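The values are calculated or read from the model by the stated rules, or taken from the named source; none is laboratory data. Owing to the predicted nature of the structure, the values given are computational and were not obtained by experimental measurement. Note that we place each Cβ from the backbone using ideal geometry, even for glycine, and neighbour counts take in every protein chain shown.
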Amino acid sequence: MPRALSSSTELLRAFAASVAPAYMLDAQRRITYCNQACLDWLGVPFDKIRHARCDYHSSSEVQPTLSLAAGLSPPPEVFTGSESLAVVTARGAASSSELKRRQARFTPLVSEQGEVFAILALVAAEDLGEAESASHGSTLTLSLAGVPLLGGYGQAALEDDWQKIGSQTLHDSVGQLRARYAQRFYSQRLVAQSPAMRQVARQISVAKGCDASVLIRGPVGSPREDVARAIHYNQSTKEPGPLIPLACRLLGEDLIRSTLRTLSSSDVVETVGSGSTLLLRDVEYLPSDIRRELAARIDDRSLTYRVMSTTQPLRGSSLSLDSPGADQVGETSELATLLGDVTIELPPLAQRKEDVPLIVQALIEELNAEGGRQVGGCSPEAMEILCQYHWSGDVDSLVEVIHQAWHSATSPTIALPDIPSHISMNLQAISRPIRKPQPIELQSFLQQMERELIERALRGSKGNKAKAARLLGMTRPRLYRRLVQLGLDQES
């Protein structure tokens, strides 16, 4: 038997006998092999995931097999030839929110031409505990058939690669957050861990468990409508029907009235069902008499649909922002009284900078989930300026910047040159404070200029005052008077 074939057979036997999961991907990120320990951990037969593509994201909103395969995806830089340690995940059988996490070592297999043709993944035999981290202070030892393959791979071995640790830790954190809040239409824009946004998550949980009207306040560009969708599509009291948005700022009073009248007709009610929600966008622009009419119908429960509204923060509060049309904005405290049994406050992104890295990673992985090119995260320099930026357009402006950077990136990492130039230029302008203009004392300035001209004329005429007067275009008596007034008579 040829030696190469014998070695391959022995290796396959070792993988098959291992109690630790192992699998292999081809250069197109497709699963080509799983040992039995890996299939047992995943809880699926090989035929179900064979050739499934492992995209680098943590979304559960793709096809279930692709979602399962995404949990096994290596960091994108592995496909450039870099060996890496990362966390892989499998969904528990009991609940979609149960996430089993293990450490894995990814080794690229490189051809003689220097091309990566396969990735070997060796997974730890035990799940990670809640407090364990994928990259910091941890050690991984893998074995096949009881024979150690890898030694310790902890913080000391990785401290020279902060960027890789940072991106992988964020990837793991985003995955855990999505699993914790596993629900339909849970937007990447809501991924966060700041105290203010944890409060928002608790309020969403309360709102989706009741039929109360909800008022969502936040700056222009904040994920107000994402909160509304998360509540509507995950309500626990009814099967969700249509979410009907109504743009109060764009529609005239007559059109709004006719729309509300139509929505209240028996034919429409029967069509849309009792689980529908009317979403009033920018409700501060809704005429006050219509607000009160809606509030009365909410109170007497004559509406068959739920009412949710979005608006800007209270005037004068720490969350208020200037925006076009601010003169037309009514008092939102009145709106909260009329239309908000539950009021949810979204803080500006500029006041919760600790959420920026998580949102950035989640947005990158949202683009990865489309199945094209893969980006692992941001370089430390790129992430630093993203965290420093003021984000006057809130989360919407961050989304736009990350989309541009993702499409501009030419490597598995978004680098500083990939970030749109206006971000760094704006930060540079802020770091260089504008100098206050110094006041000019005109009389003193003119006297100084006259003094310098007279001194120059006297030097040119070698002290001859008559000649100096002619050079200056004045009479000699006048020159004498100015010499005395300027204190130059003794000097000359």
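Here are a few things to note about the model shown:
- Test: residue in the stretch 75-96 that is closer than 21 Å to residue 180 by Cα, in contact (Cβ under 8 Å) with a residue 40 or more places away in the chain, assigned to a loop (DSSP other than H, G, I, E, B) and touching a helix residue (DSSP H, G or I) at 6+ places or on another chain (Cβ under 9 Å): yes
- Residue 127 vs. criteria modelled with pLDDT of 50 or more, in contact with a strand residue (DSSP E or B) (Cβ under 8 Å, 6 or more places away or on another chain), within 27 Å of residue 29 (Cα to Cα) and not in a loop (DSSP other than H, G, I, E, B): no
- Residue tally, condition of a type in the set (Gly, Ala, Ser) and closer than 17 Å to residue 213 by Cβ, over the stretch 228-252: 4
- Among the residues making up the stretch 421-476, those that are loosely packed, with under 14 Cβ neighbours inside 10 Å, of a type in the set (A, V, I, L, M) and over 45 Å from the mean Cα position of the chain (by Cα) are 440, 442, 446, 449, 453, 466.
- Number of the condition not met by residue 402 [criteria: (1) in contact with a Lys or Arg (Cβ under 8 Å, 6 or more places away or on another chain); (2) surrounded by 20 or more Cβ atoms within 10 Å (Cβ to Cβ); (3) not assigned by TED's automatic domain parsing to the domain that holds residue 480; (4) not hydroxyl-bearing (Ser, Thr, Tyr)]: (1)
- Residue list for the stretch 350-363, filter: in a helix (DSSP H, G or I), among the charged types (D, E, K, R) and buried (at least 17 other Cβ atoms within 10 Å of the Cβ): 355
- Within the stretch 85-100, restricting attention to residues that are among the small types (Gly, Ala, Ser) and crowded, with 21+ Cβ neighbours inside 10 Å, the residue that is nearest to residue 126 (Cα to Cα) is 90.
- In the stretch 7-29, the residue that is farthest from residue 49 (Cα to Cα) out of those that are assigned to a helix (DSSP H, G or I) and among the polar types (S, T, N, Q) is 7.
- Summed over the stretch 30-54, the residues that are buried (at least 22 other Cβ atoms within 10 Å of the Cβ) and either without any contact (Cβ under 8 Å) to a residue 24 or more places away in the chain or of a type in the set (D, E, K, R) (or both) give a count of 2.
- Looking at 366, 381, just one residue is of a type in the set (Asp, Glu), in contact (Cβ under 8 Å) with a residue 60 or more places away in the chain and either outside the structural domain of residue 472 (by TED's automatic domain parsing) or in a loop (DSSP other than H, G, I, E, B) (or both), and that residue is 366.
- Helices (runs of 4 or more DSSP H) fully within the stretch 200-315 counting 2 or more residues that are over 22 Å from residue 344 (Cα atoms): 253-263, 266-272, 288-299
- Taking residues in the stretch 239-265 that are over 17 Å from residue 297 (Cβ atoms), and partners anywhere that are of a type outside the set (Gly, Ala, Ser) and assigned to a helix (DSSP H, G or I), the pairs with Cβ atoms closer than 6 Å and at least 6 places apart or on different chains are 240/232; 241/272; 242/272; 243/232; 249/285.
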